[in-house]
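J.: First the structure, then my questions, so here it is.
The values are calculated or read from the model by the stated rules, or taken from the named source; none is laboratory data. Only a predicted model underlies this, so the values are computations on that prediction, with no experimental measurement involved. Note that we place each Cβ from the backbone using ideal geometry, even for glycine, and neighbour counts take in every protein chain shown. Ligands, DNA and RNA are excluded from the accessible area calculation, which covers all protein heavy atoms including side chains. Shrake-Rupley method; radii C 1.70, N 1.55, O 1.52, S 1.80 Å.
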Amino acid sequence: TIEREILTSRLALAIMDRASWEFTDLRARVASLEQRAELEPHDLLRAHVLARIAVDAWRVQGHGLEGWRELQPVLHNEFALLAEMGYHEANHWLLAQNVMP
């Protein structure tokens, strides 16, 4: 459990290192739409939630944590890129809908 939490935290940090600007904008837009001050702690848009889903999916498929550690640089880069692109596309769509232009 502790090892899984460490891997999840590291992946979440990698995602936020790359996608923090896009996430910040998206968080503001979604919070505005939901008329909240902030996203829920377990909102799917949050990096630590995405990271937990990724690590759990890895384990469910029968892959060990040792394999994750071996591929960690590649996995971090790819997940961070995908999250950045996803946040960007969501922001782009919300802008097209006149959400906080």
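J.: Quantify, in whole percent, the carbon and sulfur part of the accessible surface of the chain (1.4 Å probe; protein heavy atoms only).
T.: 58 percent
J.: Oh, and also: Using a 1.4 Å probe, how large is the accessible area of ARG18, given in Å² and rounded to the nearest 10?
T.: 100 Å²
J.: For every helix of n ≥ 4 consecutive DSSP H residues, a contribution of -39,500 (n - 2.57) applies; sum these over the chain, divide by its total residues, and give [θ] at 222 nm rounded to the nearest 500 deg cm²/dmol.
T.: Only helices count here, giving -27500 deg cm²/dmol.
J.: How much net charge surrounds VAL55 when only other residues with a Cβ under 12 Å from its Cβ are counted (Lys, Arg +1; Asp, Glu -1)?
T.: +2
J.: Relative to the longest principal axis of the C-alpha atoms of the chain, give the angle of the C-alpha long axis of helix 47-60, reported between 0 and 90° and rounded to the nearest 10°.
T.: That helix lies at roughly 40 degrees to the long axis.
J.: Angle, helix 65-96 long axis vs. longest principal axis of the chain, Cα atoms, 0 to 90°, nearest 10?
T.: Orientation of helix 65-96: about 10 degrees from the principal axis.
J.: If you average 1/r across every pair of different Cα atoms in the chain and take the reciprocal, what Kirkwood value do you get, in Å?
T.: Result for the chain stands at 14.3 Å.
J.: Say a site is exposed when it is one of the GluC sites (Glu not before Pro), sits in a DSSP loop, and has at most 12 other Cβ atoms within 10 Å; what is then the longest site-free stretch of the chain?
T.: My reading of the result: 39-101 is the longest stretch.
J.: Right, next: Give, as a single signed number, the net charge of other residues whose beta carbon lies under 9 Å from the beta carbon of ARG46, with Lys and Arg counted +1 and Asp and Glu -1.
T.: Taking every other residue near ARG46 into account, the sum is -1.
J.: Across the Cα atoms of region 1-57, what radius of gyration and what greatest pairwise Cα-Cα distance (Dmax) are found, in Å?
T.: 12.3, 37
J.: With the contact rule set at Cα under 8 Å and sequence spacing of 6 or more, what percent relative contact order holds for the chain? Walk me through the numbers on the way to the answer.
T.: Details: 72 pairs, mean separation 44.8, N = 101.
Reported relative contact order: 44 percent.
J.: Set the Förster radius R0 to 41 Å, insert the Cβ-Cβ distance between GLU3 and GLU38 as r into 1/(1 + (r/R0)^6), and round the FRET efficiency to 0.05.
T.: Values: r = 30 Å, r/R0 = 0.72.
With R0 = 41 Å, the Cβ-Cβ based efficiency is 0.85.
J.: Helix 2-33: angle to the longest alpha-carbon principal axis of the chain, degrees 0 to 90, nearest 10?
T.: 10 degrees
J.: Any idea how far apart LEU65 and LEU95 come out in nm if each label point goes 7 Å out from Cα toward Cβ?
T.: Roughly 4.1 nm, to one decimal.
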